[in-house]
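The values are calculated or read from the model by the stated rules, or taken from the named source; none is laboratory data. Fair warning: this is a prediction, and the values are worked out from it, not measured in the lab. Backbone-built Cβ (ideal geometry, glycine too); neighbour counts: all protein chains shown. What goes into the accessible areas is simple: the full protein's heavy atoms, side chains included, and nothing from ligands, DNA or RNA. Shrake-Rupley method; radii C 1.70, N 1.55, O 1.52, S 1.80 Å.
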Amino acid sequence: NSYNKNYELIIDPVLIFSSYSGSNADNWGYTATYDLSGNLYAGGNAFNVGYPVTLGAFQTNFAQGVCDIAISKFNSNGSNLVYSTYLGGSGSEVPHSLIVNKQGELFVYGTTGSANFPMAGNSFDNTFNGGTNFSLTNIISFPNGSDIIVAKFNSAGTQLLASTFIGGSGNDGLNMFTPLRHNYADDCRGEIMLDENDNVYIVSTTASTNFPVTAGSFQPTYGGGSLDGCIVKLDNSLSNIIWASYLGGSGIDAIYSISLDKNENLIVGGGTTSNNFPTTPNAIRSTYQGGSADGFITRIDKNGIAIIRSTYWGTSSYDQ
């Protein structure tokens, strides 16, 4: 607010801490988040035994699949590994996004190919729905398809408080097709968000024409093409879907990010190849701009019954 605007402003970031975390097996990083105390949560995966788990953590053993999710919580200055745990079943798992509530409980959104992924609490869906064979980055195999998973840990990482599958008969939670899968690991996009009441929002992609959307949502039917975006609002216990909807047209559509405004309306962003993506007449760009893909931004009312405003965002070239 008070620097001399006649001179260039330079902000030097301070490195608070930096640490290795891994094993002799491969480990890939995907996502991270923080809590109100400044603790850091890192989400990746581990391809075998040996990841540095902590005593008493929820899952201290590798589940013997292709890879498990690996979650590590560091204190605010990086001097202590508060907890570290595997999370997975006998198939493949990858995390996409993490978030922590005011109680220090960690929520994990990811994708699984395991019929025996750990279930806890009164799950909305405790049965793996599957799909078709897919290989993520040509290494992580999902021979029986994939489901979205959401999991909730207690603050100490010793207990899985709740978890659920979300999906239909196609692959869910994987951005599988070019041109939207443009860069390395674009397969693993989407995001998890919480509102003030700790309701859980997931934005992702689905190839399921029978994804568990709710009656009265703004788009209750699959838009067509190879993929649609999907939005799910769950209660805090992951027991009930409050509302869920597709978002897409007749091409390939994927949602990557979500924010909530002060009225808890949703703003989502992603990519599309659909020339009939649901836009609104007063949008900045109500028609497809050309090229192999456009970005989009869509504002949705908090009850999931209407699109308030929606626009393409792009040019005649490739955009996302």
### Query
Yes or no: Tyr318 part of a loop (DSSP other than H, G, I, E, B), open to solvent by 20 Å² or more (accessible area, probe 1.4 Å) and touching a residue at least 60 places away in the same chain (Cβ under 8 Å)?
yes
### Task
Please work out which residue is farthest from the chain's Cα centre (by Cα), limiting yourself to the stretch 159-179 and to residues that are part of a strand (DSSP E or B) and among the small types (Gly, Ala, Ser).
Ala162
### Message
Here is a list: Ala120, Ala156, Ala162. Which entry is open to solvent by 30 Å² or more (accessible area, probe 1.4 Å) and of a type in the set (Gly, Ala, Ser)?
### Response
Ala156
### Task
Residue by residue through the stretch 271-312, note down the ones that are within 22 Å of the chain's Cα centre (by Cα) and farther than 19 Å from Ile231 by Cα.
Ala293, Asp294
### Query
Within the stretch 67-115, can you find the residues that are out of contact with any Lys or Arg (no Cβ under 8 Å at 6 or more places or on another chain), over 13 Å from Ile148 (Cα atoms) and of a type in the set (Phe, Trp, Tyr)?
Phe74, Tyr86
### Task
Among the candidates Leu15, Leu36, single out the residue that is among the aliphatic types (A, V, I, L, M), open to solvent by 20 Å² or more (accessible area, probe 1.4 Å) and touching a residue at least 12 places away in the same chain (Cβ under 8 Å).
Leu36
### Query
Is there any pair with a first residue in the stretch 160-176 that is of a type in the set (Asp, Glu) and a second that is at pLDDT 95 or above and not in a loop (DSSP other than H, G, I, E, B) whose Cβ atoms are under 6 Å apart and which are 6 or more apart or on different chains, and what are they?
Asp172/Asp147; Asp172/Ile148; Asp172/Thr206
### Task
Could you run through the stretch 117-159 and say how many residues are in contact with a strand residue (DSSP E or B) (Cβ under 7 Å, 6 or more places away or on another chain) and without any contact (Cβ under 8 Å) to a residue 12 or more places away in the chain?
1
